[in-house]
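Where a number appears in this text, it was derived from the coordinates with a stated rule and is not lab data. Remember, it's a predicted structure, so these values are computed and weren't measured experimentally. All Cβ positions, even for glycine, are placed from backbone atoms using ideal geometry, and neighbour counts span all protein chains on display.
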Amino acid sequence: MKFTNSKKYQDNLILKETFEFAIEIIKYSELLEKDKRFVIAKQLLRSGTSIGANAKEAQNSESKADFIHKLKIALKEADETEYWLFLIDAIDTYPDPNKLIAKLESIIKILNKIISSSKRK
């Protein structure tokens, strides 16, 4: 994965992982749209790309509480994305989402770890 515009994404694990995940979500959503599965594609695209957007926004938070709050929003978006991916996985006529599910599970663990360690500081 190339990061031509920002070194920040390479140096920050959650930004790197959520950026890469967003790219995969975009590609997967485009596959769904080709099959005219617009509603699910749109929902998945919104929640799946929002994870990284909220993690990025947290980097410029005004306080520790604001940082935690923004990461909790990212976690909520991750939970919603997980729901859509599980729904897709339950329908055998949809493309296999298991690679995305595995990547998302890793992102959820990272977010939970950052949130819990930030609360302790």
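Values (i) 13.9; (ii) 15.5; (iii) 14.8 are given for comparison; Kirkwood radius over Cα pairs in Å, derived from the coordinates here, is the one labelled (iii). Counting every other Cβ atom within 10 Å of each residue's Cβ, T49, T81, T18 order from fewest to most as T49, T81, T18.
Distance between the C-alpha centres of region 32-62 and region 72-111: 11 Å, rounded to the whole angstrom.
The fewest-to-most ranking of R46, R37 by surrounding Cβ atoms within 10 Å reads R46, R37. Couplings 3J(HN,Hα) for region 56-69, derived from phi with the Karplus relation 6.51 cos²θ - 1.76 cosθ + 1.60 (θ = phi - 60°), are 5, 4, 4, 5, 10, 5, 8, 7, 4, 4, 5, 4, 4, 4 Hz, where x marks Gly and Pro. Taking the C-alpha atoms only, the angle from helix 98-120 to the longest principal axis of the chain is near 20 degrees. The magnitude of the dipole of the chain, with charges of +1 and -1 set on the Cβ of Lys/Arg and Asp/Glu and taken from the Cα centre, is near 560 debye.
Going by neighbour counts of Cβ atoms within 10 Å, the residues F38, F21 line up, fewest first, as F38, F21.
Our coupling estimate for region 72-84, obtained by passing each phi through the Karplus curve with A = 6.51, B = -1.76, C = 1.60 and θ = phi - 60°, is 5, 5, 4, 5, 4, 5, 5, 4, 5, 4, 4, 4, 5 Hz, Gly and Pro reported as x.
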